[in-house]
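The values are calculated or read from the model by the stated rules, or taken from the named source; none is laboratory data. If you're wondering where the values come from, they're calculated on a predicted model, not measured in any experiment. So basically every Cβ, Gly included, is an ideal-geometry build from the backbone, and we count neighbours across all protein chains shown. The accessibility values were calculated without ligands, DNA or RNA, using every heavy atom of the protein model including side chains. Shrake-Rupley method; radii C 1.70, N 1.55, O 1.52, S 1.80 Å.
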Amino acid sequence: PYAEWCMSINLKSRGQAYGRGFFPLESSMSMDIPECESWTTNWLKHKPGEEMSETDYRRGRAYTMINKYVSSAAHLTDKKVVSCEEMTNTYNVFNMSLQQLKIGGDMGIVSGVTHSVFHGFNYMPQNAEFPGWIRYGAYYNENNNWWKYFHLYNDYKARIYSVLQNSTNFADIAILNPDGDMWTNIGMQNEPFPNTHFAQYKTLIWEAVVKNGGACDYVSEQIIDNASFENGCMIYNNRRYNTLFLLNVESMSLKTARQLVVFAEHGGKIICVETIPHLALGLHENIEDADNVVDSCLNVVKNNFEDNFVFVNRPDSNFVDWYADFQQKHQLPHAVSIDNPDDYIMQTHYVTDDDNDVFFICNCHRYDKKAVTLSFDQSCSENGKKLFLWNAESGEKYVVPNISNDGSYVVELILPPATSNLLVFEYVADNQYDMCDVNVQRNLVADNLSGWNVRFNHSRENVAYNDYFDTLFDVSCMDKYRDFTGTIVYTKAISLVGDEDLFIDLGLVEGVSELYVTNVKQKNPYKVGVRWYGKHCYEIPADVLIDGDNVIDIHVVTTLGNYAKSLTDNPVAQYWTNKGSKNQPTQPMGLMGPVKIYSCVNY
């Protein structure tokens, strides 16, 4: 009724069309802008970027279980805007960093999101005592230390979404979950937070597909019932699937069972995981006869189309490695081969209107870099197309060199922590773009710099502290600075010889960093740049350096959490940092290094 009312007054409907009593897939199909969500209950407590549990589908994920249903519903109805109530946070509100936002947002993109609605509670009187009124969210307001850098994340997201909303998500694998069995055996569940998990590993299957270079949608029995079949594909609107997974499906409607026979007759591949359907759903005058129809249909598929039917037991663990072997053994479709699949390397595939392939690939680990070799299907680079890296932060693009000589397109990438790449195959008539230096080896000039003058500029109190650190470390370990919030400035004189560009790698940084360089010819420091996630590495142009002494200032902007914990007389701050499930440990802060200087550096 809501969707129909919106249509009657010429408005687009937008809604989270799921929950107890809703069909998790079909309900979203009626929305003009279907919306899913990231975790609204302690999602950062589940440590995205630090773990990827196989026993609890929530741990390590920023997206909810419902995301794949909602995005699949959009794909099946040819919608390109998939909205998300994103980065809702009821746990470490004041400790959320921009890097953690990016890790969670990148995971959302892989789950199918193409539009974010950042969720917080920012409406409050100007005279409200700090931290103000808070319902939940990531404290998106001007009181947050990283607020002045927030536009950098929004610019990044806007460029990514501009590409994805003007492309079509690609998938050639369909997955049928045992939703009918769930409703029969344990009743309707309140997605995205089911009280009881049914086939809990179903999230691990779609993740394993994309982590091995494949692409998939969820489907339902209604989708299968209304599909057509030709040339080995199940077709629904503009979606074409040549492979169908049935995950622990025991029961299905009679029509669906008969449709599986038709799919197999037309050359489609059916893969049953853990069980083979043999029971009928619904009320029947003779349930045994109905069960026999389902059982006999699956026997026809199994016995008459052996090349198109696979039964496999689910693995006990290591789903990504299991699927890598399974994919190769049964020649399952995938547009890109990943040489060493990893739990934290995720990708999604889109196609533009002019038939260019777009791959979003990300390293979702918070601390570790990942080296990957990607081998793309030859169809991506046909007609002279080259692979470009589109920098979603700057809007620049570069040609990615092909290391293969056999007609395929193979690239090697090093993905620093929390880093993503937008890789696009397109035809360009001339060579106007530079090559992307993805694996450039550089020379080390100075290692593990020591001896720092340090200034602490408090952002909430009108105080500052000066100190000297011989080595770099987590400043929250010092009683004097445990409760600090604001900007920590690390200053050091460096002596240089030569006139080439230099690169400085700050190592581990907890916070947003800015780098400034001053030489004796300059009256004011030269701002080199800002790094708000991943590898805090900067290129310093030769023309701002001189032989001899130069001064580098490294500004590190912290989060508010440790300070909020110290406000024992502030009930709002205490509720969100020291109460019950929100009782948070002290968070690391500052520049931990090691700081290294190169004549060049690995990106």
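Net charge dipole, the chain: roughly 1680 debye, given to the nearest 20, about the Cα centre with Cβ charges of +1 for Lys and Arg and -1 for Asp and Glu. Peptide packing for 94-102, 503-511 was compared via the average number of neighbouring C-beta atoms within 10 Å per residue; ordered from the highest value, the list is 94-102, 503-511. In the distance distribution for segment 186-334, Cα-Cα pairs more than 24 Å apart total 35 percent. What the Cβ-Cβ distance of ASN578 and SER296 gives, at R0 = 60 Å and to the nearest 0.05, is a FRET efficiency of 0.45. Subtracting the Cα-Cα distance of GLU285 and ASN318 from 0.36 nm times their residue separation leaves 7.5 nm of extension gain.
Projected onto their three principal axes, the Cα atoms of segment 460-500 cover extents of 42, 22, 15 Å, largest first. Exposure check, 1.4 Å probe, all protein chains in place: LYS565 carries approximately 40 Å² of accessible surface. Computed from label points 7 Å out along Cα-Cβ, the spacing between ILE33 and MET188 is 2.6 nm. Axis angle, to the nearest 10 degrees, between helix 254-265 and the longest C-alpha principal axis of the chain: 80 degrees. The orientation-averaged projection of the convex hull spanning the C-alpha atoms of segment 390-444 amounts to 5.5 square nanometres.
For segment 202-246, what are the per-bin percents of Cα-Cα distances with bins 5 Å wide, up to the bin holding the maximum? Calculated P(r), rounded to whole percents: 5, 19, 30, 22, 16, 7.
Estimated from the Cβ-Cβ distance and a Förster radius of 60 angstrom, the FRET efficiency linking ALA429 and THR471 is about 0.65. Estimated translational diffusion coefficient (Stokes-Einstein, Kirkwood radius over Cα pairs, 37 °C, 0.692 mPa s) of the chain: 125 µm² per second.
Quick one: if you stick a label point 7 Å off each Cα along the C-beta vector at ILE9 and GLU396, how many nm between them? Those two pseudo-labels are separated by 4.9 nm. Using the average count of surrounding beta-carbon atoms within 10 Å as a protection proxy, the listed peptides 237-243, 180-186 rank, highest first, as 237-243, 180-186.
For segment 284-400, the convex hull spanned by the alpha carbon atoms encloses 228 Å³ per residue.
Helix 319-329 and the longest principal axis of the Cα set of the chain meet at an angle near 50°. Over the C-alpha atoms of segment 44-120, the Rg to Rh ratio, Rh being the Kirkwood estimate, stands at 0.98. For the chain, the 222 nm mean residue ellipticity estimated from helices alone, with every DSSP H stretch of n ≥ 4 adding -39500 (n - 2.57) and the total spread over all residues, rounds to -6000 deg cm²/dmol. Suppose R0 equals 45 Å; then what is the FRET efficiency for ASP547 and HIS197 from their Cβ-Cβ distance, rounded to the nearest 0.05? With R0 = 45 Å, the Cβ-Cβ based efficiency is 0.10. Extending 7 Å from Cα along the Cβ direction at ASN356 and again at ALA446 yields two label points whose distance is 4.2 nm.
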